[in-house]
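What follows is calculated from the coordinates using simple rules that are stated; it is not laboratory data. None of the values given here were measured: they were computed from a predicted structure. Quick reminder, even Gly has a Cβ in these numbers, built from the backbone with ideal geometry, and neighbours come from all protein chains shown.
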Amino acid sequence: MTTLYFSPISQHSRRVVSLLEEVGIAYEGKLVDMMKGEYLSEAFLTINPNHQVPTLIDGDIKLHESNAILRYLCNKHELTDWYPTGLAQRAQVEQWLDWTQCRMSPAVVDIVFNSVFLGEKGDKKAIERGFKSLEEISPILDAALGDKKFLTGDRPTIADLALASNMFHLGLAKAIPSHKNIQAWFGRMSELKGYQKSLPQM
């Protein structure tokens, strides 16, 4: 049985849960209570010394990084719709996975962690930095989406799941970009049952 240590308040956990639920892969979910600091406990550090979620355990395989987990699941279960095998299509998926991690994620952390989770104790300069970055990258994403339904074409891929998990996080701070194509894309992603099942109970 595949086991996933996760938290629904973690955008990186949600992208993995989204895929598992969307394609119907059986797994045992083990909730890590982030608000109580369970990710720093001695017991959890034996599972993930990086004190982060998610962590996937599948037989003898243990994986920590969410995008690596997405790739592993797609390769193991031959989910070629979600992780295409064609060179050009695969390269586009990889590009958007990296773009999300390198460009979008830092802005999301700056904004959401400091304004939502830390509240009055949040770093105001980090929030300002995050919004400035978001202002720069949102038009890039909107233009790339253009008239496409999803990031790389007519079907969602794991790149869309990764980005959607960040977009929901921005929603916690009421900071989802208002650009037309982004809004339309996020609306389509929000209709996926796997994505819906990944969301925290607010």
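Structure data summary
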read-out	value
Restricting the range 116-181 to chymotrypsin sites (Phe, Trp or Tyr not before Pro) in coil, as DSSP defines it, with at most 15 other Cβ within 10 Å	none
Ranked Ser198, Ser10, Ser18, criterion: other C-beta atoms within 10 Å, fewest first	Ser10, Ser198, Ser18
Full-extension gain in nm, Leu199 to Gln183, via 0.36 nm per residue minus C-alpha separation	3.9 nm
Proxy reagent accessibility, fewest Cβ within 10 Å first, across Asp142, Asp160	Asp142, Asp160
Correct choice for semi-axes √(5λ) of the Cα gyration tensor in Å that was computed from the model, options (1) 29, 21, 19; (2) 82, 25, 10; (3) 25, 24, 14	(3)
The chain: calculated mean residue ellipticity at 222 nm from DSSP helix runs of at least 4, using -39500 (n - 2.57)	-14500 deg cm²/dmol
Added length on full extension, which subtracts the Cα-Cα distance from 0.36 nm per residue, Glu78 to Lys30	14.8 nm
Distance between the range 146-169 and the range 63-135 - C-alpha centres, whole angstrom	11
Most mobile of Thr152, Thr46, Thr85 in a GNM of the chain (Cα contacts under 10 Å)	Thr46
Set of lysines with alpha-carbon distance to Lys125 below 21 Å, sequence-local pairs under 8 removed	Lys174
For the range 25-73, alpha-carbon Rg over 2.2 N^0.38 Å	1.15
